[in-house]
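The values are calculated or read from the model by the stated rules, or taken from the named source; none is laboratory data. This structure is a prediction, so every number in the text was calculated from the model and none was measured. Quick reminder, even Gly has a Cβ in these numbers, built from the backbone with ideal geometry, and neighbours come from all protein chains shown. Side chains are part of the model used for accessible areas, which takes the heavy atoms of the whole protein and leaves out ligands, DNA and RNA. Shrake-Rupley method; radii C 1.70, N 1.55, O 1.52, S 1.80 Å.
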Amino acid sequence: MLKTLKRQLINQQICIFVLSTNPLSMLRHLGTKRTYAHNVKLASLLGITAGFVNAAGFLGFAVLTTNVTGHAALFAERIAFQDWTTARIVALWMSLFLAGAFISSLIVSSIGRNQQYSYVIAIFIEILILLIVALLGHRYHGELIAKEFFAGSLLFAMGMQNSLVSMVSGSVVRTTHLTGTFTDLGIELGQLLRKKKEERMQLKARIKLRIAIILFFMLGALAGALLFRRVDFSAFLFPVMILLFTLLYDMLRLRIKRFYHHHKT
């Protein structure tokens, strides 16, 4: 009897240790509310991924592959100059980003938020696209059709990621572009000077989150530029590893947590 109780206590202590030291619980969580820590972890790894793809995609295909703001301006300019071929390509890229966001949202909404496969499917599709770019990118030599395919694929993947992160975090975190993040940071820094002391704690937490998103995006962009210069398109294997790492640890940690709660009750 005593041996059995000792084993149970040891198992509980192991579970508590794993839960307290494991750094990743971003996509799914037990409970009804996400915390600041959840969102920081989500912003860090997926922000690095987006920054990396943005820099490496630009060096590889001379196209910004994580947002559509610049493409909208280019689309209008090409129409003004009656360059219908380029306008069509840019419109296709914007549509693919939108399609990625739509499909990601559809998958999560259909399967249900906080369900395992709703996030696994979306991220697995993103991993598959990045793998294709990593393995076939060396065949790209500036051809227009190939540029449409590769750049369009990356825009689709980033649309999926942006939609997924936004839904997971309750529209608090967006990782594929920084325009809104810088805007929110500026607003919150201004509010910090005028808010009462009691309200500053929550405001400071949001400011730290914005800064984390910016820093990790820039860190990913720097890594993408450096790695692409050294290993060419094989550099896209790096974000693949980050996404796999995110998925595996998120799944493992939640299973351990559920196991612990089940045995505790």
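Please go through the range 59-165 and write out the chymotrypsin sites (Phe, Trp or Tyr not before Pro) that DSSP classes as loop and that have at most 15 other C-beta atoms within 10 Å. Don't jump to the answer; show the numbers that get you there.
Details: sites: Phe61, Phe75, Phe81, Trp84, Trp93, Phe97, Phe102, Tyr117, Tyr119, Phe124, Tyr140, Phe149, Phe150, Phe156; in loops: Phe81, Tyr140.
Here the chymotrypsin sites (Phe, Trp or Tyr not before Pro) that fit, given the DSSP loop and packing criteria, are Phe81.
Rounded to the nearest whole Å², what accessible area per residue is found for the range 42-157 with the 1.4 Å probe?
On the way: 5320 Å² over 116 residues.
Result: 46 Å² per residue.
In the range 131-248, carbon and sulfur make up what percent of the accessible area (probe 1.4 Å)? Don't skip to the answer; put the middle values down first.
Details: 4240 of 6430 Å².
Carbon with sulfur: 66 percent of the solvent-accessible area.
Can you give the extra length, in nm with one decimal, that the chain gains between Leu192 and Ile79 once fully stretched, where that is 0.36 nm per residue apart less the Cα-Cα distance?
Details: separation 113, 0.36 × 113 = 40.68 nm, distance 4.34 nm.
Additional length available on full extension: 36.3 nm.
Show me, for the range 123-132, the HN-Hα J-couplings you get by feeding each phi into the Karplus relation (A = 6.51, B = -1.76, C = 1.60, θ = phi - 60°), rounded to Hz, glycine and proline as x.
Using θ = phi - 60°, the values come out as 6, 5, 4, 4, 4, 4, 5, 5, 5, 4 Hz.
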